[in-house]
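Asker: Following this message is one structure expressed as structure tokens.
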Amino acid sequence: MSESQPVRNTHYDPQVLLNSQAVIVTVIDPVSYKTVFQNQVSLGKFGDITNQACHEKIAACATPCAFCKMPEAIRTGRITSSEVPLPNDEYLLVQWASVATMDGRTHVVETITDITQVKRQQQKAEDLSHALEVANHDLLALNRQLKEHSIRDGLTGLYNHSHFHDALYQSFAQAERSGLGLSLLFLDMDDFKAINDVYGHAIGDQVLKAMGQLLDNREIHPDGPQVLRASDVTARYGGEEFAVLLPDTSLEGAVIIAERLRQQIMALTGLPELAALSGRDNPLSCSIGIASFPTDATAPMGLVKAADRAMYVAKQNGKNCVKACAHHMLPCMA
């Protein structure tokens, strides 16, 4: 016989084969649950429990274990298994397989494998995955916060000058595509330098913060009707000057919104933080200029210039008023 040919008709002692296994192997009579054979690992773990109920000697249970799937293995003829947690934070994998005996009976081979290290590695991997998920969520939230801070004015919380221009170009392009109106309000606080000079810059900052709260359209104001929509873009354009971009808004609609804002600005001195201004001869006020696309401008910066010129006309007409720009920058009108 060639040395490369397999050896045939080789016989092994079944007990020798079972004793060679590194896992616990116990053969059980499923009718009585009594042990009929143990390999050496099982003997070393439990001692000799031959003819004794497996659930009593292995699991210290008076009745068959809750996790036992031996009946299912008998019924289906398939290998069944259960992962069993132990009180000491260890885990066992218990498997059952039905086997036929030489005399026609059915026994069950029960194997027990210590999977503690595998489960601990799985738990570590799950913990790491969860930690990474939390860290990624926090990082995304931080990035959103950083982006939000980068586009907002630190004092008023409104959008800054740079982001306003980005929003202006986007809104203008959308208005051109849709054919819907687009209006722009320019608001300039009246006599703001005098407020700083007489009452100090701290009060001046409070005025700007109050303007920011009034124009902030991110949430509904509980103290009065909501003038601005969530789709409107409000920004501190610079110093004491503010801009409000009104998508899908005609000139007539913008005039109504501007007048409501003008009246609300006059009421800001009722705030506790602005109580020092309540005794002024002149109320807190602003001049508002309005321009609309396509009536007053055909380009984004043209709309800005038109609204700015209308605002200066409001200043020249006694302040604390609303002026709207006429077609092609003719003299503005109230």
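Asker: Taking strands (runs of 3 or more DSSP E) that do not extend beyond the range 18-119, which have at least 2 residues that are small (G, A, S)? Steps first, answer last, please.
Answerer: Numbers: elements: 24-29, 34-38, 80-85, 91-100, 106-114.
The qualifying strands (runs of 3 or more DSSP E) are 80-85, 91-100.
Asker: So which of I112, I79 is on the phi < 0 side of the Ramachandran plot, in contact (Cβ under 8 Å) with a residue 60 or more places away in the chain, among the hydrophobic types (A, V, I, L, M, F, W, C) and in the same structural domain as N39 (by TED's automatic domain parsing)? Even if it seems obvious, please write down each step before you answer.
Answerer: On the way: I79 fails: in contact (Cβ under 8 Å) with a residue 60 or more places away in the chain.
Within the list I112, I79, the selection yields I112.
Asker: Just checking: which of the strands (runs of 3 or more DSSP E) contained wholly in the range 221-321 hold 1 or more residues that are among the small types (G, A, S) and out of contact with any Lys or Arg (no Cβ under 9 Å at 6 or more places or on another chain)? Please lay out each step first, then the result.
Answerer: Values: elements: 233-238, 241-247, 286-293.
Once the strands (runs of 3 or more DSSP E) in the range 221-321 are filtered for at least 1 residues that are among the small types (G, A, S) and out of contact with any Lys or Arg (no Cβ under 9 Å at 6 or more places or on another chain), what remains is 233-238, 286-293.
Asker: Within the range 151-171, can one find any residue that is of a type in the set (K, R) and assigned to a helix (DSSP H, G or I)? Spell out how you get there, then give the answer.
Answerer: Going residue by residue through the range 151-171, those that are of a type in the set (K, R) are 152.
The next check asks that each one be assigned to a helix (DSSP H, G or I); those that pass are none.
No, the range 151-171 contains no residue that is of a type in the set (K, R) and assigned to a helix (DSSP H, G or I).
Asker: Oh, and also: Looking at R152, R177, which one is basic (K, R) and within 15 Å of Y237 (Cβ to Cβ)?
Answerer: It is R152.
Asker: Take the conditions surrounded by 12 or more Cβ atoms within 10 Å (Cβ to Cβ), within 27 Å of P272 (Cα to Cα) and at pLDDT 90 or above and apply them to N196. Does it pass? Let's see the steps before the verdict.
Answerer: Details: surrounded by 12 or more Cβ atoms within 10 Å (Cβ to Cβ): yes; within 27 Å of P272 (Cα to Cα): yes; at pLDDT 90 or above: yes.
Yes; evaluated as a whole, the condition is true for this residue.
The values are calculated or read from the model by the stated rules, or taken from the named source; none is laboratory data. Source: prediction; values computed, not measured. When we count neighbours, we look across all protein chains shown, and the Cβ atoms used for this are built from the backbone with ideal geometry, even at glycine.
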